[in-house]
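Reviewing the structure listed below.
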């Protein structure tokens, strides 16, 4: 109903106060002024309309060009599958826990932002929004929350700008009449304990760290903030899934009533939820992609999607363990016209074939499903059959060395690995030093190992660029030795459970230690390693097949020398990834030993972590060329007839061919390049 009124008649101008022309700021009690005051008073005592979150968004939400690809008034009809999810967040809905496992680009974050706006405007109370990190929370505040408030008049009048003098409003805290919104990161235990919260918006929970400042699961810590609100609380958990058994959002969805969005076939009317397996396209022609109805098998063109989404409905596929918990799953097949198309999905899926990392990303972001890691150990006998006879201590492809050291009670085991382009690797040496961490002679031998060199196939000699040493046993002794050698070449590491693909190694952190009874202000530099990530990678690389002759080895190929014995090979594959369930029935994955000794796998993981710390995963072409120059390796020969390019990207004549037996040469560089310390 419109709140505007018709303008007053000129004849109705009846003054109720004496106007003597003085400027005493007294209220204008003319007939018009009284009418306006009465209208404002009646509007103030009128109760707010009983809106759901989706209705509020359609009436009050405006999308900014700074934060949305389609600026303007928000329209739930654009993404009709979000209507029920948003309405479940409304105070009148009985659901207390709403989980949403989804693909990328389906509008889930905007649904959460609509809920934030609704709470500020119509259901004020304490609200906590949690993102994976504090930095991401700051970016969300600047990029999404500030435009949400500034572009919606209903919110702008209730929340002061972050830069105003109102100390109650800042980047991570927004006060409004009757409530407060606090944003924080899942990596901050302090932020998660900041206040009681009636409303919890937990976004991208699969990207949360396993523990918040070593104080426990971030989701559990956040939910503890809402217990005092009992049946009045609302918890919204949203995420793109990650790995089967480790995905938080998958656990939430499986514990819910598992709702899927059913849409009608435009040909036969049969209701069905969209499955990737029913996408059809001609071979190598993703532009022909269509959807095959699971009832009549007729092909559905994508232009039907808009009408299908409008006529869709959510249907529960299971019985929830908690009657107040509803769960939703949605893939990118439901993305509206103009967002992610079926053709794009087909193209990305085809491009990912043969690459586990790309397939995992496609399964997570396109299908909204978890990725099943292949954690079974390769057969050690198969590895023995593919051992190689190296022509030199370091084969031609090896460009730098790292080592991993594992401390045992009676010995120190060290494996030295050479690394090349594409993270190919060669086992160069295996050293067992008698004596444990209480033996000065053992530490002296390990120190000598840092000064040793190994010969490259082209005559160059290489030292260990970086040695990663485990601190799990007798950490104080390890820190003392590492400090004596210097942290440029030696890095103490600590293995952590769980996966972290984005940052498998974090640090360094300064660990308090004592030397001779004196406490050091800045202790040893400790790096934390997500060992599960590198174990998965190692097993994936070990499963790569040797290519046919005259074809290059695939990236990540692990080359094992003929001197590697059966005991060492068995240690390399001594663990496997298994799925276990806790008392609540939630599944998780963990590594379990198949045999007692697994030092070869541990030292491989530490050596790989050392390569990551050096930056090998992020080196550009110039760095790899510089390493090849240092080792005397010839650059890759360009195709016949192709133009040869210098560092300045200027076409030049093809360089003369090197005569057989002549020393390897490389083109002279025009610009001086940075030389890492380990290469000088």
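Couple of notes before you dig in:
- Some residue of the stretch 345-352 being more than 27 Å from residue 83 (Cβ to Cβ), modelled with pLDDT under 95 and assigned to a loop (DSSP other than H, G, I, E, B): no
- Residue in the stretch 445-467 that is part of a loop (DSSP other than H, G, I, E, B) and closer than 18 Å to residue 607 by Cβ present: yes
- Selection from the stretch 321-338 of residues that are farther than 19 Å from residue 299 by Cβ and either surrounded by fewer than 17 Cβ atoms within 10 Å (Cβ to Cβ) or in contact with a strand residue (DSSP E or B) (Cβ under 7 Å, 6 or more places away or on another chain) (or both): 321, 322, 323, 324, 325, 326, 327, 328, 329, 330, 338
- Scanning the stretch 296-320 for residues that are part of a loop (DSSP other than H, G, I, E, B) and crowded, with 17+ Cβ neighbours inside 10 Å gives 312, 320.
- Residue in the stretch 397-434 that is farthest from the chain's Cα centre (by Cα), counting only those that are surrounded by fewer than 20 Cβ atoms within 10 Å (Cβ to Cβ) and in a loop (DSSP other than H, G, I, E, B): 410
- If the condition is being under 18 Å from the mean Cα position of the chain (by Cα) and in contact (Cβ under 8 Å) with a residue 40 or more places away in the chain, then the stretch 333-359 contributes only 356.
- Condition broken by residue 173, with the remaining ones in (1) crowded, with 17+ Cβ neighbours inside 10 Å; (2) under 23 Å from residue 228 (Cβ atoms); (3) in contact (Cβ under 8 Å) with a residue 24 or more places away in the chain satisfied: (3)
- Test: residue 465 is under 30 Å from residue 625 (Cα atoms), surrounded by fewer than 23 Cβ atoms within 10 Å (Cβ to Cβ) and touching a strand residue (DSSP E or B) at 6+ places or on another chain (Cβ under 9 Å): yes
- Residue within the stretch 236-244 that is in contact (Cβ under 8 Å) with a residue 40 or more places away in the chain, within 22 Å of the chain's Cα centre (by Cα) and over 30 Å from residue 505 (Cβ atoms) present: yes
Residue by residue, here is whether (1) touching a helix residue (DSSP H, G or I) at 6+ places or on another chain (Cβ under 9 Å); (2) in contact (Cβ under 8 Å) with a residue 40 or more places away in the chain holds:
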position	(1), (2)
362	yes, no
366	yes, yes
373	yes, yes
378	yes, yes
386	no, yes
402	yes, yes
410	no, no
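- Count - residues of the stretch 85-112 that are closer than 15 Å to residue 60 by Cβ and surrounded by fewer than 24 Cβ atoms within 10 Å (Cβ to Cβ): 2
- Any pair with Cβ under 6 angstrom, 6 or more apart, that starts in the stretch 198-223 at a residue that is at positive phi and ends at one that is surrounded by 24 or more Cβ atoms within 10 Å (Cβ to Cβ) and not in a helix (DSSP H, G or I): 204/239
- Residues that are loosely packed, with under 14 Cβ neighbours inside 10 Å and in a loop (DSSP other than H, G, I, E, B) within the stretch 280-294 comprise 283, 284, listed in sequence order.
The values are calculated or read from the model by the stated rules, or taken from the named source; none is laboratory data. Nothing here was measured: the structure is a model prediction, and the numbers come from that model. Note: ideal-geometry Cβ built from the backbone for every residue, glycine included; neighbour counts use all protein chains shown.
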